[in-house]
Structures are given as structure tokens and as C-alpha cells.
1. Hey, fewest Cβ within 10 Å first, where do Cys95, Cys412 land in order?
2. What are the ³J(HN,Hα) couplings of the stretch 161-166, residue after residue, when phi is run through the Karplus curve with 6.51, -1.76, 1.60 and θ = phi - 60°? Round to Hz, x for glycine and proline.
3. Using +1 at the Cβ of each Lys and Arg and -1 at the Cβ of each Asp and Glu in the chain, identify which of Leu364, Ile137, Phe156 lies farthest towards the dipole's positive end.
4. Name the residues whose placed amide hydrogens come within less than 5 Å of the amide hydrogen of Phe224, ignoring near sequence neighbours (fewer than 5 apart) on the same chain.
5. Report ³J(HN,Hα) in whole Hz for each residue of the stretch 252-266, in order, from the Karplus equation J = 6.51 cos²θ - 1.76 cosθ + 1.60 where θ = phi - 60°; Gly and Pro get x.
6. Hey, fewest Cβ within 10 Å first, where do Trp168, Trp149 land in order?
7. Which far-off residues, 5 or more places away or on another chain, put their amide H under 5 Å from the one on Val371, with H placed in the peptide plane?
8. State to the nearest 20 debye the size of the charge dipole of the chain about its Cα centre, where the only charges are +1 on K and R beta carbons and -1 on D and E beta carbons.
Amino acid sequence: MTIPDGGGSRQVRLKEPPVTAGARGLTAHRWPCILCIYSIVWPWGAVKSKDDMPMPIDRAAPVPLYRQLKSLLLHQIESGELRPGDMLPSLRQLCREYGVSLITVRRALQELVSEGRLQSQQGIGTFVTDRVRHARIALVILGFYEQEWRRNSSIFGDLIGGAATVAWEREALFSVTRVDPGRRPADVLASIVDERFFDGLLIRVLPDITEEDLAPLLAAAMPFVVIKRYVPGLGINCVVNDDVTAAYRATVHLIQHGYRRIAFLCPLNVIVGRDRHEGYRRALAERGLPYDPRLVPTIKDWFEEEGEGALKALFDLAEPPQAVFAAGDPLAVGVYRAAAALGLRIPADLAVVGYDDIPAAAALQPPLSTVRTSYHDLGARATGLLLDLIAGKVNGPVRLVLDAPLIVRSSCGPH
């Protein structure tokens, strides 16, 4: 589902062995790749014909002049106006035609040469090559410490697999970079922009992302898509789950089973947690149930230990919960452990609903009812959107919202 300020999306397979490339100061790993040929469409107009005057440079545009010139020349190559083997006008002639400096022309040509679209022969001139240009994209993972990376390895595997599959299908070069969480996101992204190696970025960040974090990309007009995060009030390209609706459904499911005291476990220091909390509160309000803050303990992270400790504390209350909505499956696993330690039977003494449908959810006894999200789909849809943005097939900002259905099993009692 695409909400109003959106555009469209598209939907990888692993191929070549790793190649090292990436932004200065980062540890970049080339993942089995995937490639795609697309023309970049800029808003300065259509490609001029051979009989027309050169396309004007828009000095009021927020895009640097060399990038505008580079895009205009690329238009001519993509359209066939400039064909393989054609020689470009001299540097000074390009300066006169487009009204820009020699430095601007040289930088635009240097980037096209480095990308394989042009070839420079000293003393002769610059020629159009017949080499295919593949989009170069990277998944940048920010804010995850080693422990979080290791404990979520299957999730990251799904995310990378989804992105890699689409990149392969669309012939794009794909890299993965995990950045030291001690580095500021804005500094990392500025370094990538300065390197000018990638055409666009996929961004997965653990904490909330801010406009300040994204400022280097916005200033450089580099295409990017944020995965599982958005910035309230700021239009950015992102792919997210419909967390409010999914949490609402999960809570209603428990209410329909007759439970009235429903605890909610989820970190509220990130926007996905707050959205899930909003869905929980909305369901209680619509069904006429009071909101009891004692049933919403502080949760610091998404790991099993937090769920285990929270349930033990909840059962110290004079009125413990009848059900728990653990808005993260690892938290639900911790609830199962605590329930066993307290001698509670699920669902006879305590109903439980989780979130994400990790592989362990179906293996629990009884199997866990949970909201299903797909990191593979998140990666695939984000990559498709990014390649469409790079190709000029859609104009941002685009926000794709993915449905997250409730998978009903046996942890809440008879259906």
C-alpha cells in the first residue's frame, strides 16, 4: 500500500564473489551482486535533439552544476544522440555551450569516465564508450552493536537476501556496509557522498533517524530509501510496516478472546515501538477498556531477557495481566521462559501474542500467535524503490507501507 505522498515501487539472487568498494573510512563488503541499467532522469527537461540548442543549466536548482552537466550528457548517451565511438566537443566548447567553468566540465567528464560511460584519449579527445552502466547501490547498517548484529543474524540475512535478489534481477551492483555504532550517521553519510561511488543508498538504522542525520544526502540530492524508520513531518523515501494497524489487530484478537487486562511489552524509545503502542491503545479505547500504565513496563531493548524480567515484575502486581502483547518475538520468548519459571500455563493461565513471526515462534509450545513481518520483503521493496528513483521512474518522496497480518496459532486459547 502506498500512502498519498508516494509514487510507485518495484520488486535479487546472488552472483559474483565479494569485491571491496565503499565510502572512505568505512568497512565495506561487496555482497554477491546484482545489477541494472537505467537512465537517470532529472527535472531540467527532455533530451535535446541535434538541431536544438544545448539544454540550459539551472543555476537555481539545489543540484551542483557539474552534476547537472553530467546528467545532461548522460541523457544524450542514454537516448542515443551520442553513440558509442562519438567524440564529445572540446572542453572549451562545452564551457561555451553550457555556460559553465572549465572546472565544472572537467569534473562532470571525470565522473562519466570513472563510471565507464566515456573514454579519454590524451591529445585526441573524449569518446562515448559502448560499456553498459550498472547502478551501484549499498545497504548501510547503522547503530547496531556486535551483540545486536549477532543475535539478529537471521533477520539481517533475510533483509540482505531480499535486497540482493532484486539487485540481481535488475542488474545493479550491490554492497553491504555495517558501520561502527559510535560514528554519527551524518558523518558516515557525508563520507559516502564525498566518495561519489554509489548512485543510491538503502539505510537501516537501529535508533530513530533524524533530518540532521540525512542532511548530507538531502543536500547532495543522492537517492536513498530508509528501511523500517521514517521521520515524522519530513517527506523521505522509506519502506515501513503498518505497525499501528498490526498492533491494533493483535490487541483486538486478545480482547475478542475475553481478556481485559492486557500487558504491552515493547521499547518506546524508537518510532516502531511508539507506533505499535498507539495501535494497542487505540484498540483498548475502541473496546471501552481502560489504559493501565502499570501494564506497560519500561522495556530497554528487544531481547529475551527483557521479556522475561518484565513478566516476572508484572506478576508481582496485585492484579497481574491475563494476557501479554509482546510487540517483538524475542520478548515473547522471554515471556514463555518466565511463565514456565512461575508455573504458568500458556494459554490456560496467560495468553501471549508476539510480533515479527521469527522462526522460533512456530516452534514454541504452544506455537505463538504473532504478527508476521518480512525482512526479505522490506529489503526487496526498498531496493526496487531505490532503483526506480535512480532511474527516474518515480519521483520522491515515496513512502511504501507494507501490511503485517496476524498469524493465529495456539497461544491465546481456542480460536
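None of the figures in this text is laboratory data; all of them are computed from the coordinates on show. The structure displayed is predicted, hence computed values, not measured ones. Methodologically, a virtual Cβ is constructed for each residue, glycine included, from the backbone with ideal geometry; neighbour enumeration extends over all protein chains shown.
1. Values: Cys95 18, Cys412 24.
Least crowded to most crowded, the residues run Cys95, Cys412.
2. Listing the rounded values in order: x, x, 5, 5, 4, 5 Hz.
3. Of the options given, the answer is Ile137.
4. Distant-sequence amide H within range of Phe224: Leu201.
5. 4, 4, 5, 4, 5, 7, x, 7, 10, 9, 10, 7, 10, 10, 5
6. Details: Trp168 21, Trp149 15.
Ranking Trp168, Trp149 by Cβ neighbours within 10 Å, fewest first, gives Trp149, Trp168.
7. Those qualifying (amide H under 5 Å, at least 5 residues apart or on another chain) are Gly354, Tyr355, Asp356, Asp357, Ile407.
8. Working: 47 positive and 46 negative charges, 108 e Å.
So the dipole magnitude of the chain works out to roughly 520 debye.
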